[in-house]
1. Can you find a residue that is closer than 23 Å to residue 98 by Cβ and either touching a strand residue (DSSP E or B) at 6+ places or on another chain (Cβ under 6 Å) or touching a residue at least 60 places away in the same chain (Cβ under 8 Å) (or both) anywhere in region 296-303?
2. Quick one: how many residues across region 174-186 are in contact with a helix residue (DSSP H, G or I) (Cβ under 9 Å, 6 or more places away or on another chain) and either in a helix (DSSP H, G or I) or on the phi < 0 side of the Ramachandran plot (or both)?
3. Checking residue 118 against (1) surrounded by 18 or more Cβ atoms within 10 Å (Cβ to Cβ); (2) outside the structural domain of residue 230 (by TED's automatic domain parsing); (3) outside any strand (DSSP E or B), which single condition isn't satisfied?
4. If you check residue 99 against the conditions, is it surrounded by 24 or more Cβ atoms within 10 Å (Cβ to Cβ) and either away from the ligand (no atom under 12 Å from the Cβ) or part of a helix (DSSP H, G or I) (or both)?
5. What residue, of 143, 171, 218, 226, is at pLDDT 95 or above and away from the ligand (no atom under 15 Å from the Cβ)?
6. Given the conditions (1) assigned to a helix (DSSP H, G or I); (2) within 14 Å of the ligand (Cβ to nearest atom); (3) closer than 18 Å to residue 39 by Cα; (4) out of contact with any strand residue (DSSP E or B) (no Cβ under 6 Å at 6 or more places or on another chain), which single one is not true for residue 110?
7. Against the condition in contact with a helix residue (DSSP H, G or I) (Cβ under 7 Å, 6 or more places away or on another chain) and not in a helix (DSSP H, G or I), how does residue 171 come out, does it pass?
8. Of the conditions (1) more than 18 Å from the chain's Cα centre (by Cα); (2) in a helix (DSSP H, G or I), residue 126 fails just one. Which one is it?
Ligand SMILES: NC(=O)c1ccc[n+]([C@@H]2O[C@H](COP(=O)([O-])OP(=O)(O)OC[C@H]3O[C@@H](n4cnc5c(N)ncnc54)[C@H](OP(=O)(O)O)[C@@H]3O)[C@@H](O)[C@H]2O)c1
């Protein structure tokens, strides 16, 4: 039996890598649904190659354009937030959650409500909704398989039978493109410089997050909710070679890690094939060709987003939601050259200070807090008051 796959965010970096893997295993996987925001031309190509039953296009203009150009009569074409549930009514075994930002929350919730297995790349949905996602998934029986390489590594070496014997989780970080720049050289960083990651090829938003190290902050929060670990048992270590993708330390002194070349097709294929494994065309790591592996503590002064993430996680309640929403606005403003690179953490910090911290009891609460925080952050961007 082929596994039926729906990809939310099929035109992005993770979406395209997922389709690459599926192309190599036509006997094992079948694409039933694809969803995008804008890029209808790429979606048309994907529809021709993978023949899904249903697609969903968020952007209204792209939706209309796609409908004009589509030649496949059997294809169901959807639009709007309601489409996330409808797209899954086509019998999906695995949802690949690969939308960027909190826009990925509703598709993840729709998959959970149907008890579907989720290959989760969209870390922001976990960050913004606290323990809601994991507890909803427990209730519905939905399995969440992490695709983020760090969390995927931890998942692979986590000894759940001995959870009480875990002394800490170690999240490795490449340190991004500015690891070796002096703090004084960060004033005039351009978007082009910030999205040039040394080891990984990714979408623009996550690339900027890697440059500010907010990505590691979001991953800290993701790890906390995913593995139910307190923040003082999650350590961030800079490892510029990106070979060891993260580790679990046990009370007997063992540190278990997962290694491999930095290529997202490894964690994606793990999630698609789970609990089995499949082959990929990823270059295999030759241990004898590694000269050295280095590890050191992150520089919290140069990367203030790390401290903002740690303190939001300590505060809990709506603080991670506010952190995530304001960061999305700040990164977008930076990419559109409205603010400088160094203003990103300032906007996040000011928004966290201005917003009132409240409890989160429902997905509706998450959406409201996300919207309010975006509004606050936008006001800061527009007024220059940061
Ligand atoms: N890339 C990586 O290596 C990597 C690694 C680990 C985790 N992740 C996580 O995976 C997620 C995706 O990252 P990415 O690098 O693949 O991003 P990306 O290349 O920017 O792709 C984002 C995808 O989401 C769609 N999308 C964006 N905004 C949307 C909206 N408002 N509504 C519906 N769809 C929307 C885009 O559609 P259009 O193309 O039509 O705009 C695109 O298909 C992020 O949460 C990221 O943190 C990525």
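1. Start the filter on region 296-303 by keeping residues that are closer than 23 Å to residue 98 by Cβ, which leaves none.
Checked against the condition, which is being closer than 23 Å to residue 98 by Cβ and either touching a strand residue (DSSP E or B) at 6+ places or on another chain (Cβ under 6 Å) or touching a residue at least 60 places away in the same chain (Cβ under 8 Å) (or both), region 296-303 yields no hits at all.
2. Quick first cut of region 174-186, residues in contact with a helix residue (DSSP H, G or I) (Cβ under 9 Å, 6 or more places away or on another chain) only: 174-178.
Of the ones still in play, those that are also either in a helix (DSSP H, G or I) or on the phi < 0 side of the Ramachandran plot (or both) are 174, 177-178.
Residues flagged as in contact with a helix residue (DSSP H, G or I) (Cβ under 9 Å, 6 or more places away or on another chain) and either in a helix (DSSP H, G or I) or on the phi < 0 side of the Ramachandran plot (or both) within region 174-186 amount to 3.
3. Every condition holds for residue 118 apart from (3).
4. Numbers: surrounded by 24 or more Cβ atoms within 10 Å (Cβ to Cβ): yes; either away from the ligand (no atom under 12 Å from the Cβ) or part of a helix (DSSP H, G or I) (or both): no.
For residue 99, the condition - surrounded by 24 or more Cβ atoms within 10 Å (Cβ to Cβ) and either away from the ligand (no atom under 12 Å from the Cβ) or part of a helix (DSSP H, G or I) (or both) - is not met.
5. Numbers: 171 fails: away from the ligand (no atom under 15 Å from the Cβ); 218 fails: away from the ligand (no atom under 15 Å from the Cβ); 226 fails: away from the ligand (no atom under 15 Å from the Cβ).
Testing whether each residue is at pLDDT 95 or above and away from the ligand (no atom under 15 Å from the Cβ) leaves just 143.
6. (3)
7. Numbers: in contact with a helix residue (DSSP H, G or I) (Cβ under 7 Å, 6 or more places away or on another chain): yes; not in a helix (DSSP H, G or I): yes.
Yes; evaluated as a whole, the condition is true for this residue.
8. Going through the list (1) more than 18 Å from the chain's Cα centre (by Cα); (2) in a helix (DSSP H, G or I), residue 126 breaks only (1).
The values are calculated or read from the model by the stated rules, or taken from the named source; none is laboratory data. Computed from a predicted model, the values in this text were never measured in an experiment. Quick reminder, even Gly has a Cβ in these numbers, built from the backbone with ideal geometry, and neighbours come from all protein chains shown.
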